[in-house]
Amino acid sequence: MLSRIAIATATILTAAVAGTATANAAPAHPAGNCVVNVETGKSQCFGTFREAIASTTHGRITDAPLSAKDIDQNLVARLKASSNALGPQDVQFGIVYKDSNYGGTSVTYSASVGCQSGNGRDYQANIGGSMDNAVSSLTTVSCWLELWDSPNTGGTHQEYQQSTSYVGDAMNDRASSIAFL
């Protein structure tokens with residue numbers, strides 16, 4: 001009889017702990033904040049913009065907003081300054097967003113060395129996955145960004161020298177590749 005009570009109690013306690021753990025578990029975030037290194041082609045996605053920025057700055061910036069929509073010029077200045085820090089790091093070129101006004105999915109582009117020439121293309125990349133033909137706004141960080149409507153920087157293009165809350169009707173939801181100047 002005692003063993004049945006012990007088993008019943010253990011079962012109830014196990015169920016209660018499991019229920020508590022499930023109820024208190026953090027909600028799953030979609031991995032809608034990606035980082036792409038244009039030199040290596042390596043990409044990684046994160047549940048929050050803060051995690052993406054912490055990754056691309058190698059832990060130098062860990063207090064970015066949770067959402068890319070909340071980026072401000074102070075963070076952009078810190079990203080630029082981070083690229084001048086000593087030690088291993090990525091230089092952030094810019095960020096593209098799926099929605100206008102810096103909303104939705106974001107992709108932060110980086111490399112180990114920043115834009116150098118000032119008068120030509122330093123890097124380029126095809127825009128892949130759900131962001132292909134979906135870019136609506138962008139933030140420039142250490143490079144000017146140039147969106148192209150075809151892969152491999154072909155077709156119609158538009159250059160952006162500053163952050164832009166709407167890329168315009170000619171390029172909205174059309175970009176398939178990006179160049180960094």
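The values are calculated or read from the model by the stated rules, or taken from the named source; none is laboratory data. Remember, predicted model here, so these are calculated numbers, not experimental data. As a convention, Cβ positions derive from the backbone with ideal geometry for all residues, glycine included, and neighbour counts pool all protein chains shown.
Being modelled with pLDDT of 95 or more and among the charged types (D, E, K, R) is true for just one of Asp169, Asp122. Which residue is that?
Values: Asp122 fails: modelled with pLDDT of 95 or more.
Every option except Asp169 fails the conditions.
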Restricting segment 107-138 to residues that are outside any loop (DSSP other than H, G, I, E, B) and touching an Asp or Glu at 6+ places or on another chain (Cβ under 6 Å), the one nearest to Ser165 (Cα to Cα) turns out to be Ser110
**Request:** For Ser130, indicate whether it is touching a Lys or Arg at 6+ places or on another chain (Cβ under 8 Å) and among the small types (Gly, Ala, Ser).
**Result:** yes
Scanning segment 139-176 for residues that are of a type in the set (Gly, Ala, Ser) and in a strand (DSSP E or B), the one surrounded by the fewest Cβ atoms within 10 Å (Cβ to Cβ) turns out to be Gly154
From the option list Gly94, Gly32, Gly59, single residue qualifying as at pLDDT 50 or above and more than 25 Å from Leu145 (Cβ to Cβ) is Gly59
The correct count of residues that are in a loop (DSSP other than H, G, I, E, B) and either buried (at least 18 other Cβ atoms within 10 Å of the Cβ) or in contact (Cβ under 8 Å) with a residue 40 or more places away in the chain (or both) in segment 64-82 is 2
(request) May I ask you to verify whether Ala85 is at pLDDT below 90 and either farther than 29 Å from Asn133 by Cβ or not in a strand (DSSP E or B) (or both)? (result) yes
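Only residues that are of a type in the set (Asp, Glu) and in contact with a Leu (Cβ under 8 Å, 6 or more places away or on another chain): list them for segment 107-143, please.
Asp122
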